[in-house]
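Novice: Let me give you the structure first, and then I'll get to my questions.
Please treat every number below as a calculation from the coordinates, not as lab data. Since the model is a prediction, treat every value here as computed from it, not as a measurement. Quick reminder, even Gly has a Cβ in these numbers, built from the backbone with ideal geometry, and neighbours come from all protein chains shown.
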Amino acid sequence: TSQPPAGLLEGLNEEQLAAVTASDPAVAVIAGPGTGKTKTLVSRIAYLVQERGVKPSEITAVTFTNKAAAEMLERLEIQFGDKRKVGRMQIGTFHSLCLHLLDGDGAPVALLDESAAEDLAAQVLREEGLRLSPRKFLEEVSRRKAGVEDSLPAGALERYRELTAQAGALDFDDLLIQALEQKLPQKKAKAFSYLLVDEFQDVSPLQYELVRAWNAGGKSLFVIGDPDQSIYGFRGADARCFARLADDMPGLRTIHLKTNYRSTPPIISCALAAIAGEDGKERPLTPHRTDGAPVRLVTAESALAEGIFVAKEIGRMVGGVDMLEAQASSGRGEGGPVRSFDDIAVLYRTHHEARLLEKCLRQESIPYVVHGREDFLTDEKVRGTAAFFRALLRPGDGLSLQQSLSLLWNCPADLAQSAGAWWKEHGQGMEEGIDALLAAFENAGHLRQWGALTREFFPRCAKESPYKLLEDFRLACGLNDHPPLEKLTHMAVFDKKMTEFLDNLALGTEGDLRRAAQKSYQSGAVRLMTLHGAKGLEFPVVFLWGVNKGSLPLVSSRHPTDPAEERRLFYVGLTRAKEELIIMTSSEPSPFLAALPREHLQASMTHVRKAQEAKQMSLFD
Ligand code: ATP
Ligand code: MG
């Protein structure tokens, strides 16, 4: 065989090399955090194309989030130096791949976004007199659809299905189910010849079926993951999928990677001790790095003191901002490299916990970005606007019409509903549809502005850029000063077609959105995200926020959690750090902290002066 081009296989260790070049029809790479699983997957794609002559159009890579997909694309583009080649590969999440599969033949897929699904869920709960949050209800629905045990009362799921069917829309699970039921046409099946799946430990049973189905006529299946980082059990994912795959595919070759290239030895020692706290088993994971500062465990007098400490400490690390108590109490002196804001992430268990932290960061003028929590997407006008355009692009989408009428024009529920139903039935030919609808609901003043705007935007919406359309729409309905809509418009800058934008919008709320990975959107800022959201990522400096009893493991009456899964989540958090890891606790410490080896820890307390705390407090109120 010819010599691989310089750089392609260079620097890979023996096991990574074996994984990258394996020619077995099915390969599983099972390995701990930071061992280069994702890197191996990317290298394998490059190897397949450049060395084995595989066509880019025969490759599909499944990532867990849209953000991960965007990052993979970026790495491949660098590797290939040719955007067109990379563009022919299919790279995306299960949901975006399914949407892509279903779209294009026959009627476009109407996707029920999270808020719309929650509305329907709320309706079911009201009708059935159930006391459950819509979100929790949808989680249970998901479990049921994935064939996992659930606790739904009889009838509720059926009613929910009835409503989604009436709306003519698919929710996220239906999307997968439909894609699974549909037989892959020859032409589309080709794209799955070489199928690669990252974060395999978190696939749901339904997604597992999809992997099997997509691989059925294919040439190669390559899955990678780490059962110790399985953190989506609450959604029906099951790390036993590796064992299942070994059963289902007797020829499966399993490769283990053992060298961690990400973190310093103290970080790895702490992480390994934390995860071993579960079952006492030792994991084979050796650091490639040879030295590093101890992990810091900082106890704060209060959550506010914790926030002040984090903000001041970040300020100190980037070498700006005055150094007050925080530094003196860090016990670490002025050493350490100067960081940029991008180097630093603060991770927490739930978004809710970020509020106080945000205030403290603002107080210190520290730039930050919150990932994955897009409050403005749940804004009524934003949802209404998206629904307005969806109804235009999909004549007959009654649900979207109904939503836009009630959200944008405060149309009474029954009128919006009957207009929606009418639209679904008669809305096919748009122009006549508008006239007929207006005539059918003669006295409905609520429909008048809708009619005028529909006339204006219908001819434009398939042709013009979403950015321009949204700009004009905001003006036209007098919502120019509505900040959430402004954000929505800003988001559209990157999309060329309105349909594309709306799909991304609907898919994006499922986890995180492609736009979150748009670099220009946010450089030079500290990243704030949940532990779930940090999966697969790495940062030179990581603060773990609020590692307290009750927060980790999370104790919640509304969302029962699994302590073992919470421990894995903690493990995911610890292993995101490359060089510096600072674990923060304020009230009672998390029981997980007991497992951390003292010799690798440096414990300290914050001494944020009471007076200072009081001053900050008054500034916040
Ligand atoms: P996670 O389980 O957290 O997803 P992972 O196993 O996917 O981790 P990667 O993100 O692929 O790990 O790699 C971790 C880091 O180690 C990256 O910065 C990567 O570039 C680096 N790395 C991986 N393999 C090597 C290698 N052979 N030589 C040098 N650096 C490497
Ligand atoms: Mg990875």
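Novice: Sort 212, 448 so that the residue with the fewest other Cβ atoms within 10 Å of its own Cβ comes first and the one with the most comes last.
Specialist: The order, fewest Cβ neighbours first, is 448, 212.
Novice: Testing the spin-label approximation: label points 7 Å from Cα along Cα→Cβ at residue 189 and residue 247. State their distance in nm.
Specialist: Computed distance between label sites residue 189 and residue 247 equals 2.7 nm.
Novice: Which one of 41, 543, 101 is farthest out on the positive end of the charge dipole of the chain, using unit charges on Cβ (Lys, Arg +1; Asp, Glu -1) and the Cα centre as origin?
Specialist: The residue sitting farthest along the positive end of the dipole is 41.
Novice: Sticking with this one: Below 8 Å between Cα atoms, with a sequence gap of 6+, how large is the relative contact order for the chain in percent? Intermediate results must be reported in sequence, preceding the final value.
Specialist: On the way: 1031 pairs, mean separation 120.7, N = 621.
Result for the chain is 19 percent.
Novice: Of the options 370, 295, 154, report the single residue whose Cα projects farthest towards the positive end of the charge dipole of the chain (beta-carbon charges: Lys, Arg +1; Asp, Glu -1).
Specialist: Value: 295.
Novice: What FRET efficiency comes out for the pair residue 77/residue 55, r = Cβ-Cβ distance, R0 = 22 Å, nearest 0.05?
Specialist: The computed FRET efficiency comes out at 0.80.
Novice: Right, something else. If the reach is capped at under 28 angstrom between alpha carbons, list the lysines near residue 55, excluding any in the same chain fewer than eight residues apart.
Specialist: The reachable lysines, counting only those whose Cα sits under 28 Å from residue 55, are 37, 39, 67, 83, 85, 183, 187, 188, 190, 219, 496, 497.
Novice: In Å and from the alpha-carbon atoms only, list the Rg and Dmax of the chain.
Specialist: Rg then Dmax for the chain, in Å: 25.8, 78.
Novice: With no solvent and one equal point scatterer placed on each C-alpha of region 66-203, evaluate the Debye formula and give log10 I(q)/I(0) for q = 0.14 Å⁻¹, two decimals.
Specialist: Each listed q maps to, in turn, -0.78.
Novice: I would also like to ask the following. How many nm is it between the label spots at residue 352 and residue 432, if each spot is 7 Å from the Cα in line with the beta carbon?
Specialist: Using points 7 Å along Cα→Cβ, the separation is 5.4 nm.
Novice: Using 1/(1 + (r/R0)^6) with R0 = 35 angstrom and r between the beta carbons of residue 235 and residue 282, what's the FRET efficiency to the nearest 0.05?
Specialist: Approximately 0.75, to the nearest 0.05.
Novice: For the chain, what does -39500 (n - 2.57) per DSSP helix run (n ≥ 4), summed and divided by total residues, give at 222 nm, in deg cm²/dmol to the nearest 500?
Specialist: Computed mean residue ellipticity for the chain: -14000 deg cm²/dmol.
Novice: Expressed as an acute angle from 0 to 90° and rounded to the nearest 10, what is the orientation of the C-alpha long axis of helix 446-457 relative to the principal long axis of the chain?
Specialist: Approximately 80 degrees, to the nearest 10.
Novice: Report the relative contact order of region 1-143, percent, no decimals, based on alpha-carbon pairs under 8 angstrom and at least 6 residues apart. It would help to have the intermediate numbers written out before the result.
Specialist: On the way: 95 pairs, mean separation 22.3, N = 143.
Relative contact order comes out at 16 percent.
Novice: Have a look at 387, 420, 256 and report the one farthest towards the positive end of the charge dipole of the chain, computed about the Cα centre with Cβ charges (Lys/Arg +1, Asp/Glu -1).
Specialist: Result: 256, furthest along the dipole toward the positive end.
Novice: Describe numerically, in nm with one decimal, the distance between label points set 7 Å from Cα along Cα→Cβ at residue 8 and at residue 338.
Specialist: Between residue 8 and residue 338, the simple spin-label model gives 4.2 nm.
Novice: Okay, next question. Rounded to the nearest 5, what % of the DSSP beta bridges within the chain are antiparallel ones? Please report the intermediate quantities before stating the final value.
Specialist: On the way: 2 of 51 bridges.
Antiparallel: roughly 5 percent of the beta bridges in the chain.
Novice: May I pose another question? Between residue 496 and residue 475, take the C-beta separation as r, use R0 = 25 Å, and let me know the FRET efficiency to the nearest 0.05.
Specialist: E between residue 496 and residue 475, to the nearest 0.05, is 0.70.
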